[in-house]
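Here the structure is laid out as structure tokens; the discussion comes afterwards.
The values are calculated or read from the model by the stated rules, or taken from the named source; none is laboratory data. Remember, predicted model here, so these are calculated numbers, not experimental data. When we count neighbours, we look across all protein chains shown, and the Cβ atoms used for this are built from the backbone with ideal geometry, even at glycine. Accessible surface is based on the protein model in full, side chains and every heavy atom, while ligands, DNA and RNA are left aside. Shrake-Rupley method; radii C 1.70, N 1.55, O 1.52, S 1.80 Å.
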Amino acid sequence: MRTFPNPFHTPTHRQPAPKLRIAVVGAGYWGPNLARNLQASADWDLAAICDLDLERARKLAATLGEIPAVESLDELLDTFDVDAVAIATPARTHYGTVMTALRAGKHVLVEKPLADSRAHGLEMVAEARARGLVLMADHTYCYTPAVLKMQELVQAGSLGEILFVDSTRINLGLVQPDVNVFWDLAPHDLSILDFVLPGGLNPAEVSAFGADPLGTGRDCVGHLNFRLPNDATAHVHVNWLSPTKIRQMVIGGSLRTLVWDDLNPQQRLSVYDRGVSLDRQPKSAGEKASDAVSYRLGDTWSPALPEREALGQVVAELAFCIRNGQEARTGGASGLRVLSVLEAVTRSLSLDGQASPVEGTGAAEAAASGVELERAR
């Protein structure tokens, strides 16, 4: 089981650590959420907002108590003494922006996906490791109480052997100008699976089918399939065109099945003691054919979960990892595994859904990112 230090509980006898200084780059859709949580955090001093649209940066800064605003990353790094940079810009800009910040000796939190290609992601992770800096992907869902509980249940064996995963993330959403629906939405589901499943996200190959019924030039509807260990299977459905919004993941096990419904705050998680039972002892073909399948109809229960904003936990873990020189639960290795699957998806789409190998998942990526980071500051 992969375990991570808990940055959210500090012994009461310790003096509060001095605040770290950080700037937010990108004042568009996600930047304001990051800025608000950083401003509210006991760990961080929000030093500046940076955006190429200076007026947009100023408007965001004004809502946070007249934080300084600048329009270029170079100006930001030359003017303000910060420990870290939080980047909320389009995926195509991540490589250049992250590398500039790392080369300036800054820790980095970057919006998903980690980069626009696995090659760029590898360079970013290598640069961070060489400089002893924290590089963290903002896979926000991995910090929600629901997903933390999912990981606990799955890795404790409460579901038994995993038989299938079925994930749906659909809504009437914005057609992105630079990425298709897989690169926009699937990183959420893939990062959750990487965090929850024993062994992480490690498929040998994937098959992906996409459609562009509106003629936008990029897939707006997509289905992704890949194998899990022991002949289990995973399916991820993403869609920008659905009039209804669904965020749901079903993880079926040999003992129990877990259902996560992110849009149901009264019951985000349900655990069903229901399923199919079959004697899985080795048998001849004739004996297998004569087996009768039995169905288990047991209780359903819903774990109690605290309500807290996941981004608050994201920025707390970033501070913890910087102070303690440790890898975040969504650090470079996790970001690279997600990128590797996304690139295999792109290859499969170009081959009309044929299975495409996934490069570099598994132990090699973990080794590339480094588990323990040396302090650089």
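Would you kindly identify the strands (runs of 3 or more DSSP E) lying entirely within the range 183-242 that contain at least 3 residues that are at pLDDT 95 or above and open to solvent by less than 20 Å² (accessible area, probe 1.4 Å)? Please lay out each step first, then the result.
On the way: elements: 205-211, 221-228, 232-239.
Hits in the range 183-242: 221-228, 232-239.
Cβ separations smaller than 6 Å between residues 6+ apart or across chains give the following pairs from the range 334-354 residues that are basic (Lys, Arg) to residues that are open to solvent by less than 10 Å² (accessible area, probe 1.4 Å): Arg337/Asp194; Arg337/Leu201; Arg337/Glu365; Arg347/Ser356. Summed over the range 141-161, the residues that are assigned to a helix (DSSP H, G or I) and out of contact with any Leu (no Cβ under 7 Å at 6 or more places or on another chain) give a count of 8. Scan the range 89-143 for residues that are closer than 21 Å to Pro177 by Cα and free of Cβ contacts under 8 Å to residues at least 24 places away in the same chain and the total you get is 2.
Remark: Asp166 falls outside the filter, which requires a residue to be of a type outside the set (Gly, Ala, Ser), in a loop (DSSP other than H, G, I, E, B) and more than 15 Å from the chain's Cα centre (by Cα).
Residues of the range 334-361 that are open to solvent by less than 10 Å² (accessible area, probe 1.4 Å) and either in contact with a Lys or Arg (Cβ under 6 Å, 6 or more places away or on another chain) or closer than 15 Å to Ile192 by Cα (or both): Ser334, Gly335, Leu336, Val338, Leu339, Ser340, Val341, Leu342, Ser356. Of the residues making up the range 303-319, those that are within 22 Å of Ala84 (Cβ to Cβ) and either hydrophobic (A, V, I, L, M, F, W, C) or open to solvent by less than 20 Å² (accessible area, probe 1.4 Å) (or both) are Ala310, Leu311, Val314, Val315, Ala316, Glu317, Leu318, Ala319.
Considering only the range 328-352, state which residues are of a type in the set (Lys, Arg) and modelled with pLDDT of 95 or more. Spell out the reasoning first.
Applying the first criterion (of a type in the set (Lys, Arg)) to the range 328-352 yields 329, 337, 347.
Selection gives Arg337, Arg347.
Checking each residue in the range 180-208 for being of a type in the set (Phe, Trp, Tyr) and more than 23 Å from Val259 (Cβ to Cβ) picks out Phe182, Trp183.
Identify all residues within the range 70-88 that are of a type in the set (Gly, Ala, Ser) and open to solvent by 30 Å² or more (accessible area, probe 1.4 Å); write none if there are none. So that I can check it myself, show each step before the final result.
Just the residues of the range 70-88 that are of a type in the set (Gly, Ala, Ser), to begin with: 72, 84, 86, 88.
Of everything in the range 70-88, just one residue is of a type in the set (Gly, Ala, Ser) and open to solvent by 30 Å² or more (accessible area, probe 1.4 Å), namely Ser72.
Against the definition (touching a Gly at 6+ places or on another chain (Cβ under 7 Å), open to solvent by 10 Å² or more (accessible area, probe 1.4 Å) and under 18 Å from Leu311 (Cα atoms)), how does Asn37 come out, yes or no? Give the steps one after another, and end with the answer.
On the way: touching a Gly at 6+ places or on another chain (Cβ under 7 Å): yes; open to solvent by 10 Å² or more (accessible area, probe 1.4 Å): yes; under 18 Å from Leu311 (Cα atoms): yes.
Spelling it out, Asn37 is indeed touching a Gly at 6+ places or on another chain (Cβ under 7 Å), open to solvent by 10 Å² or more (accessible area, probe 1.4 Å) and under 18 Å from Leu311 (Cα atoms).
Taking the range 111-140 as the range and being in contact with a Ser or Thr (Cβ under 7 Å, 6 or more places away or on another chain) and either part of a helix (DSSP H, G or I) or surrounded by fewer than 21 Cβ atoms within 10 Å (Cβ to Cβ) (or both) as the test, the residues that pass are Arg118, Val125, Arg129.
Residues in the range 298-327 that are among the β-branched types (Val, Ile, Thr), closer than 22 Å to Trp30 by Cβ and either within 18 Å of the chain's Cα centre (by Cα) or modelled with pLDDT under 95 (or both): Val314, Val315. Condition check for Glu161 on (1) free of Cβ contacts under 8 Å to residues at least 12 places away in the same chain; (2) within 27 Å of Pro357 (Cβ to Cβ): one failure, at (1). Among residues belonging to the range 244-258 that are touching a Phe, Trp or Tyr at 6+ places or on another chain (Cβ under 7 Å) and within 20 Å of Asp299 (Cα to Cα), point out the one that is surrounded by the most Cβ atoms within 10 Å (Cβ to Cβ). Selected residue: Met249. If you check Ala91, Ala27, Ala42, Ala57 for being out of contact with any Asp or Glu (no Cβ under 6 Å at 6 or more places or on another chain) and either surrounded by 20 or more Cβ atoms within 10 Å (Cβ to Cβ) or on the phi < 0 side of the Ramachandran plot (or both), only one passes: Ala42.
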